[in-house]
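Any read-out appearing in this document is the output of simple, stated calculations on the displayed coordinates, not a laboratory observation. Please read all numbers here as calculations on a predicted model, not as lab measurements. Virtual Cβ from ideal backbone geometry, glycine too; neighbours counted across all protein chains shown.
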Amino acid sequence: MARNTIPWASPHYWGNEERYVLDALKSSWISGGAYVDQLERDFARYCDSPHVAVTSNGTTALHLAFLALDLRAGDEVIVPGFGFMAAANVALNMGAKPVFSEVDRATWCTTAKDIERCLSPKTKAIVPIHTYGNVCDMKPIMELSADCGVTVVEDAAEAIGSKYNGQMAGTIAPLGVYSFHATKTITTGEGGAVATRSAEWLERMRLFRSHGMASRRYWHEVAGHNFRLTNMQAAIGCGQLEKVDLISAERHRVYSTYRRHLEDAPGISLQHYHDSVEPVVWAIAAELDAESFPQGRDGVMDQLKLMGIETRPGFYSADTMPHLYGAMELPVCSRLSQQVISFPSSPNLSDEEIEYVCHSLHTCRK
Ligand SMILES: Cc1ncc(COP(=O)(O)O)c(C=O)c1O
């Protein structure tokens, strides 16, 4: 029987999203509005963060966090060499220099030791990325930050709801950034947020988010941007957030089902989570061993495609893009870049679909 392609991700509406969007439309408040304020309040409560500023996407959230820190041309920002390169690209766009740290072989996240090697007198920010929903080992990273006096901005775009020692990812450092992109754990289509403990940084980010205008209309205190989320997008987010516990539970079911079928399989190493981490897994990913899969990761992706399964490769590591980031050697990042594959990970996948993906993967092994 022909089967529809199983997508890598597909957005799902869990409850009141449509009703709230229509309400926003009918209210005539389609730019800013009550849902924006509500999403900021509700997301802050959910993350247990004193303050949240929502933004037009996760990339502008990172940009705002860097503006809060007064990142300037010539400053350096430490980012992992394996991960989605938004922070590195924002740094470049601000005239700063991304400096890439290695990542751990098993967790695929950067560590305090990796970061320490990249510190210099020019370092202005450290951006650990909580890749695929894992959380970096934050305790030593925060200790390093205290020792060297450099602020940490957690990139928790992929880790909404993941916890580290019981604390929400994105709220361990003074600034944390999230993405509400269509594939993310909760979505607004495009959207993002910054969580912070600092009322001062919140004010600064609000100022930069909206053209540098505060109480006086058309009076620009700083050269700001328009990084605002619309009321219609926020309305989707409010609907999603009401169901975040259900979404997380379903993501957990999906992850556990994959794990049951893949964890002891030869040649397949799932991303490792330390005991300190309770992940809400955003993307289920594994490293494929070259001996068991001599056709290579890309060959496996092609085979799975023919079987109606959409997968994604691991991120290109920073060392593979010297035209943009310069020459460097990051052997672990480079290896992950070649060998990691991520599988369909939507929270609404059925167990039967997951079993089909795992069975298909097993047939690709030598
Ligand atoms: C780790 C990470 N950081 C930042 C971003 C940027 O978020 P957005 O796509 O919402 O701009 C993403 C999004 O894909 C991401 O995965």
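Scanning residues 5 or more positions from Ile284 or on other chains, those with amide H under 5 Å from its amide H are Phe343, with H placed 1.01 Å from N in the peptide plane.
What is the calculated FRET efficiency for Ser256 to Glu18, with r their C-beta to C-beta distance and R₀ = 41 Å, to the nearest 0.05? Intermediate values should be presented prior to the final figure.
Numbers: r = 30 Å, r/R0 = 0.73.
FRET efficiency, Ser256 to Glu18: 0.85.
Exposure proxy shown here: for Trp219, Trp201, the number of other Cβ atoms within 10 Å sets the order, fewest to most, as Trp219, Trp201.
Which cross-chain or sequence-distant (5 or more) residues have an amide H under 5 Å from the amide H of Thr151, H modelled 1.01 Å from N in plane? Residues meeting the criterion, in which the H sits 1.01 Å from N, are Ile126.
For region 244-363, calculate the relative contact order in percent as a whole number, restricting contacts to Cα pairs under 8 Å that are 6 or more residues apart.
Details: 155 pairs, mean separation 39.5, N = 120.
Relative CO of region 244-363 lands at 33 percent.
Absence of a disulfide-compatible partner, taken as no other cysteine beta carbon within less than 4.7 angstrom, is noted in the chain for Cys47, Cys118, Cys148, Cys238, Cys333, Cys358, Cys364.
Distance between the C-alpha centers of region 277-305 and region 1-53? Whole Å please. Centre-to-centre distance over Cα atoms comes out at 31 Å. The string of couplings for region 341-349 from the Karplus curve (6.51, -1.76, 1.60, θ = phi - 60°) is 10, 10, 9, x, 10, 5, x, 9, 5 Hz, one whole number per residue in order, with x for Gly and Pro.
Computed from the Cβ-Cβ distance with R0 of 56 Å, the FRET efficiency linking Ala290 to Tyr218 stands at 0.40. Per residue, the convex hull spanned by the Cα atoms of region 130-257 amounts to 128 cubic angstrom. Distance between the 7 Å Cα→Cβ label points at Glu203 and Thr363: 6.3 nm. Against the empirical curve 2.2 N^0.38 Å, the C-alpha radius of gyration of region 1-58 lands at a ratio of 1.57.
Restriction of the GluC sites (Glu not before Pro) in region 261-312 to DSSP coil positions whose beta-carbon has at most 14 other beta-carbons within 10 angstrom yields Glu263, Glu291. Full extension of the chain segment joining Ile30 with Asp147 gains 37.5 nm, where the gain is 0.36 nm per residue of separation less the Cα-Cα distance.
Sorted from largest to smallest, which semi-axis lengths in Å does the alpha carbon gyration tensor of the chain give for its equivalent ellipsoid, taking the root of 5 times each eigenvalue?
Working: eigenvalues 221, 143, 58 Å².
In descending order, the three semi-axes are 33, 27, 17 Å.
The lysine pair count for region 17-242, using Cα distances under 28 Å and pairs eight or more places apart or on different chains, is 16.
Applying the Karplus relation 6.51 cos²θ - 1.76 cosθ + 1.60 with θ = phi - 60° to region 282-291 yields 3J(HN,Hα) values of 7, 9, 7, 9, 9, 9, 9, 6, 5, 5 Hz, where x marks Gly and Pro. With the cut-off at under 20 Å, measuring from each backbone N in region 85-112 to a point 7 Å along the Cα-to-Cβ line of Ser276 picks out 101-112.
The DSSP beta bridges internal to the chain are antiparallel in roughly 60% of cases. Extension gain for the segment Glu310 to Asp264, taken as residue separation times 0.36 nm less the Cα-Cα distance, is 14.3 nm to one decimal.
Inter-label distance, Leu92 to Arg45: 4.1 nm, where each label sits 7 Å from its Cα along the C-beta direction.
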